[in-house]
Amino acid sequence: MEEVRLMKGNEVIAEAAIRCGCDGFFGYPITPQTEIIETLMELKPWETTGMVVLQAESELASINMVYGGAAAGKRVMTSSSSPGISLMCEGLSYLAGAELPCVIVNVSRGGPGLGTIQPAQSDYFQIVKGGGHGDYNMIVLAPFSVQEMNDFVELAFDLAFKYLNPVIILADGIIGQMMEKVTLKPIRPRLTDKEIEERYGSWAVTGKKNRKRNIVTSLQLEPHIQEEHNHKLQAKYREIEKNEVRYEAIGCEDADYIIVAYGSSARIGEKAMELAREEGLKVGLFRLITLFPFPHKELAELKKKVKGFLAVELSCGQMVEDVKLAVGSDIPVHHYGRMGGMIHSPNEVLDALKKTIVEK
């Protein structure tokens, strides 16, 4: 049966991992996401579902444990915050290159450097563009609520195994630390090796006899073979772009101006939209749910009937570059953001909209 609780975003990540049949979590504590591994340790899923939970000695160790678990065909995940994700970037490139399914949660904070433990969205470039080396992409989901923090864990695993690719849930300190009502699904049994093979193919290293051995690696010394592999990866990413774009358009049907945002900025942007409507300004909100794949076509369609866009994010301006690429240079696209852990208010967003687009 479904269960309704009042939970923190970080706590529900742990609960969702257990309930969707995760086999293993390997992580390391860092603010503002430490409650994820703390909650898993408190719940002791190894006694109920058999899920392994291990605090590694570092982020480097945890991402490579994820590599090992994913290579064995297991549903494995990790979580961290911005500086910890930076340490994982080499491993993320390896996972993408080896086509291994896994889930990574980033509850981001302000930077650069150690920065602050307060919320930020300045990891956009790192996560969406692939922070490691090489030409690769990860599917990126941006939760808007505690309920989506819950729902996106199962969705992330499903997408990871469907495309044999890492999936990142990119949240921030606001979504991770806030408490809301959430509906939890019943516990789903963990998949067996046989079920994994039947659903997703026999790519994993399982020690199974009577078949050609599987070799999981991202290393290829022959350049022409490596180029072929890259072409295969790029074809997969184009398929993801074709099939997996997710967004929410709120009040965009009659809008003259559109706020583009994701995560906590979208929550603030929605309130700014309501305040604008009260003043007679026709403002809509375009909320990104997938950051990769990015909804280029959908934004391009909207530009045909609006006067301008305002990209709102907790950064100096990163997502705004993709908005500009989507809609082109023949329509105003402006940016409003706060940095270093400072959070914009709905009234600040509305004032920025008026000054940059409406009053021009």
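The values are calculated or read from the model by the stated rules, or taken from the named source; none is laboratory data. Source: prediction; values computed, not measured. Ideal geometry is used to build each Cβ from the backbone, glycine not excepted, and the neighbour counts take in all protein chains shown. Accessible surface is based on the protein model in full, side chains and every heavy atom, while ligands, DNA and RNA are left aside. Shrake-Rupley method; radii C 1.70, N 1.55, O 1.52, S 1.80 Å.
When we screen ARG19, ARG75 for residues that are open to solvent by less than 40 Å² (accessible area, probe 1.4 Å), closer than 30 Å to ARG213 by Cβ and basic (Lys, Arg), the only hit is ARG75.
Comparison of GLY110, GLY130 shows that the only residue that is buried (at least 18 other Cβ atoms within 10 Å of the Cβ), touching a residue at least 24 places away in the same chain (Cβ under 8 Å) and on the phi > 0 side of the Ramachandran plot is GLY130. Among the residues of segment 24-59, just one is in a loop (DSSP other than H, G, I, E, B), open to solvent by less than 10 Å² (accessible area, probe 1.4 Å) and closer than 25 Å to ILE196 by Cα, namely MET51. Applying the criterion of being more than 21 Å from ILE139 (Cα to Cα) and basic (Lys, Arg) to the residues of segment 292-323, the residue that is least open to solvent (accessible area, probe 1.4 Å) is LYS303.
Residues considered: ALA56, ALA16, ALA70. Of these, the only one that is modelled with pLDDT of 95 or more, within 16 Å of the chain's Cα centre (by Cα) and not hydroxyl-bearing (Ser, Thr, Tyr) is ALA16. The set of residues in segment 130-145 that are under 14 Å from the mean Cα position of the chain (by Cα) and either assigned to a helix (DSSP H, G or I) or modelled with pLDDT under 95 (or both) comprises GLY130, GLY131. Suppose we keep only residues that are part of a loop (DSSP other than H, G, I, E, B) and of a type in the set (A, V, I, L, M) within segment 81-102. Which one would you say is farthest from ILE30 (Cα to Cα)? Restricting to residues being part of a loop (DSSP other than H, G, I, E, B) and of a type in the set (A, V, I, L, M), the top hit is ALA98.
Within segment 60-80, being in a loop (DSSP other than H, G, I, E, B) and small (Gly, Ala, Ser) holds for ALA72, GLY73. Could you tell me whether GLY201 is among the small types (Gly, Ala, Ser) and modelled with pLDDT of 95 or more? The answer is no for GLY201. Test ILE215 against the stated conditions and say whether it is out of contact with any Phe, Trp or Tyr (no Cβ under 6 Å at 6 or more places or on another chain), of a type in the set (A, V, I, L, M, F, W, C) and either free of Cβ contacts under 8 Å to residues at least 24 places away in the same chain or assigned to a loop (DSSP other than H, G, I, E, B) (or both). When the stated conditions are applied, ILE215 passes them.
Yes or no, residue by residue, for (1) closer than 30 Å to ALA14 by Cβ; (2) open to solvent by less than 60 Å² (accessible area, probe 1.4 Å); (3) of a type outside the set (S, T, N, Q):
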| residue | (1), (2), (3) |
| --- | --- |
| GLY176 | yes, yes, yes |
| GLU180 | yes, yes, yes |
| ASN214 | no, yes, no |
| SER218 | yes, yes, no |
| LYS242 | no, no, yes |
| CYS252 | no, yes, yes |
| ALA255 | no, yes, yes |
| SER265 | yes, yes, no |
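In the set (1) under 24 Å from PHE292 (Cα atoms); (2) without any contact (Cβ under 8 Å) to a residue 24 or more places away in the chain, ALA160 fails one condition alone, (2). Residue under question is GLU154, and the condition is that it be under 18 Å from the mean Cα position of the chain (by Cα), open to solvent by 30 Å² or more (accessible area, probe 1.4 Å) and at pLDDT 95 or above; does it hold? Criteria met by GLU154. Close contacts from segment 29-43, counting a first residue that is within 10 Å of ALA14 (Cα to Cα) and without any contact (Cβ under 8 Å) to a residue 60 or more places away in the chain and a second that is assigned to a helix (DSSP H, G or I) and open to solvent by 30 Å² or more (accessible area, probe 1.4 Å), with Cβ to Cβ under 8 Å and a gap of 6+ residues or different chains, come to THR39/GLU11. Screening ILE343 on (1) surrounded by fewer than 17 Cβ atoms within 10 Å (Cβ to Cβ); (2) of a type in the set (A, V, I, L, M); (3) closer than 29 Å to ASN150 by Cα; (4) in contact with a Gly (Cβ under 8 Å, 6 or more places away or on another chain) shows it passes everything except condition (4).
Restricting attention to segment 182-200, the residues that are in a strand (DSSP E or B) and either crowded, with 17+ Cβ neighbours inside 10 Å or basic (Lys, Arg) (or both) total 2.
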